[in-house]
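For reference, the structure is listed below as structure tokens.
The values are calculated or read from the model by the stated rules, or taken from the named source; none is laboratory data. This structure is a prediction, so every number in the text was calculated from the model and none was measured. Neighbour counts are summed over all protein chains in view; Cβ atoms, including those assigned to glycine, are modelled from backbone coordinates with ideal geometry. Surface accessibility is based on the protein's heavy atoms, side chains included, excluding ligands, DNA and RNA. Shrake-Rupley method; radii C 1.70, N 1.55, O 1.52, S 1.80 Å.
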Amino acid sequence: MKLLKKCAALALALALGLSLAACSNAPASAHSATSPAVSSASGAAGARLLTDGAWRQVELPETVERVVCVGVGALRYTCYMGAADRVVGVEDYENEPSLTRLYSYVNGEKFKDLPVIGTNGSPSAEEIIAVDPQVIVMSEYASADADDLAARTGIPVVVVPGSDTTLDEKAYETLRVLGELYGLEGRAEELTSYLDGIKADLAARTASVPETKRPSVYVAGVSFKGVHGFEGTEAHYGPLELLGANNLADSTGQAGAFDIDTEQVLTWDPDIIFLDFNGMDLINQDYAANPDFYNALSAVKNGKVYSQISFRSYASNLDTALADAYYAGCVIYPEQFADVDPVEKAGEIFTTLLGENPYNDLKEAGYEFRPIVLGK
């Protein structure tokens with residue numbers, strides 16, 4: 001009888017232990033729908049728990065000094081956090097610095113010789129193991145499954161939302177998760193406060209402009225899955241969205257970037273046209289072949305065609321998108337933005353997010369804020 005009681009007690013203790021272990025790994029259920037908590041708790045000795053952007057409880061080392069980043073936004077936001085020095089391997093796309101991805105341009109010397117650990121959100125488990133990171137930072141947009149990748153590598157995977165627009169909740173959540181991961185909560189708070197200020201400033205400057213006084217705007221040459229010409233536009237285009245601008249593409253019922261029938265643009269006859277530099281070669285080629293079409297547009301005739309520095313490369317680059325928003329504001333609402341020098345503002349944004357200001361390098365490469373004359 002004593003033996004039976006002892007066995008029963010042991011079985012009960014084991015069941016309680018398994019129950020507690022299961023609870024410790026269960027996703028939190030009391031977080032808000034838009035902002036998962038990023039809180040740590042004691043795990044194993046010398047470890048901590050973090051709730052990532054996919055509601056997963058991830059056990060991490062107390063200090064994280066070696067990471068790899070997988071998928072859209074993971075490396076970009078790591079650079080915004082000032083943690084580029086902790087990266088020990090990159091996707092093949094990130095070995096080549098590009099002015100269309102300023103985080104890669106600014107950190108080009110750090111990244112150009114790092115081992116390749118995958119391509120465009122498709123990680124190589126073997127290559128990741130070879131560079132021995134403590135943590136894999138993976139964007140929601142990656143093609144891998146976080147739990148499967150963690151199992152194959154034996155390395156914890158922290159999922160971040162990333163962002164493919166400007167100041168959406170995903171951008172803020174990514175900063176919060178990375179702040180907790182890297183022990184850089186102060187930097188995350190600094191950036192959150194700065195970005196909130198940008199968002200509020202842009203909204204406040206245009207809030208009093210009546211709908212009837214908002215010029216109609218068309219954006220062309222927008223990149224998505226490659227380069228596009230005058231037909232490439234975007235509904236809810238980030239810089240215009242922050243300004244509450246009258247983006248004609250919004251009226252189509254489309255979402256995101258798409259190709260439009262350019263005859264519709266002629267029918268709309270926008271007051272102002274913005275051209276993304278990425279599409280300028282195609283646009284100028286089309287202008288040479290069809291000058292009458294372009295010259296029939298009021299914006300072309302009235303010299304109301306302006307640049308946008310390309311910000312969509314491996315999804316949206318927040319730094320350039322925000323600079324574009326201020327330049328667009330200066331063009332569309334000159335009275336409300338009379339006190340803003342868009343080049344100085346771009347420098348402030350770049351320095352805050354990237355740690356330095358590469359605007360002059362952009363300008364030397366032909367990317368700058370200026371009016372555009374087609375065919376030149």
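Using just the C-alpha positions of the stretch 137-197 as equal point scatterers, what log10 of I(q)/I(0) does the Debye formula give at each q in 0.14, 0.24, 0.27 1/Å? Each listed q maps to, in turn, -0.45, -0.97, -1.09. Per residue, the stretch 82-229 exposes 41 Å² of solvent-accessible protein surface, assessed with a 1.4 angstrom probe and all protein chains in place. For the chain, the longest principal axis of the alpha carbon atoms and the long axis of helix 280-289 meet at an angle near 30°.
Under 11 Å from a label point set 7 Å out along the Cα-to-Cβ vector of E65, no amide N atom of the stretch 92-136 is found. Taking the Cα centre of the chain as reference, the dipole from Cβ charges on Lys and Arg (+1) and Asp and Glu (-1) amounts to some 1240 debye. Note on V343: accessible area is roughly 60 Å² with a 1.4 Å probe, heavy atoms of protein only.
The base-10 log of I(q)/I(0) for the chain, evaluated at q = 0.07, 0.12, 0.14 Å⁻¹, reads -0.37, -0.92, -1.16 [Debye formula, identical scatterers on Cα atoms, solvent excluded]. In this structure R86 has an accessible area near 40 Å², from a 1.4 Å probe over the protein heavy atoms. Legend: residue pairs K170/K363; K304/K345; K112/K170; K304/K363, Cα-Cα distance threshold 25 Å; pairs beyond threshold, K170/K363; K112/K170.
Taking the alpha carbon gyration tensor of the stretch 57-208, multiplying each eigenvalue by 5 and rooting it gives semi-axes of 27, 17, 14 Å, largest first. Relative to the dominant Cα principal axis of the chain, helix 185-206 is inclined by about 30°.
Taking all protein chains as shown and a probe of 1.4 angstrom, Y359 keeps an accessible surface of around 10 Å². The orientation-averaged projected area of the convex hull spanned by the Cα atoms of the stretch 172-293 comes to 9.7 nm². Taking the accessible area of the chain, probe 1.4 Å, and keeping the other protein chains in place, the carbon and sulfur fraction comes to 52%.
FRET efficiency for the pair A203 and N290, taken as 1/(1 + (r/R0)^6) with r the Cβ-Cβ distance and R0 = 45 Å, rounds to 0.75. Suppose all protein chains stay in the model; what accessible area per residue would a 1.4 Å probe give for the stretch 305-374, in Å²? Heavy-atom SASA per residue in the stretch 305-374 reads 35 Å². Simple rule: put +1 on each Lys or Arg Cβ and -1 on each Asp or Glu Cβ in the chain, find the dipole, and look at I273, F350, S298; the Cα lying farthest toward the positive end is F350. Calculated on C-alpha atoms, the gyration radius of the stretch 107-166 divided by its Kirkwood radius gives an Rg/Rh of 0.98.
Taking the C-alpha atoms only, the angle from helix 2-25 to the longest principal axis of the chain is near 10 degrees.
A convex hull fitted around the alpha carbon atoms of the stretch 76-130 yields 75 Å³ per residue. At q = 0.11, 0.19, 0.20 Å⁻¹ the log10 of I(q)/I(0) for the stretch 276-376 amounts to -0.38, -1.00, -1.07, computed by Debye summation with a single uniform scatterer per C-alpha, solvent ignored.
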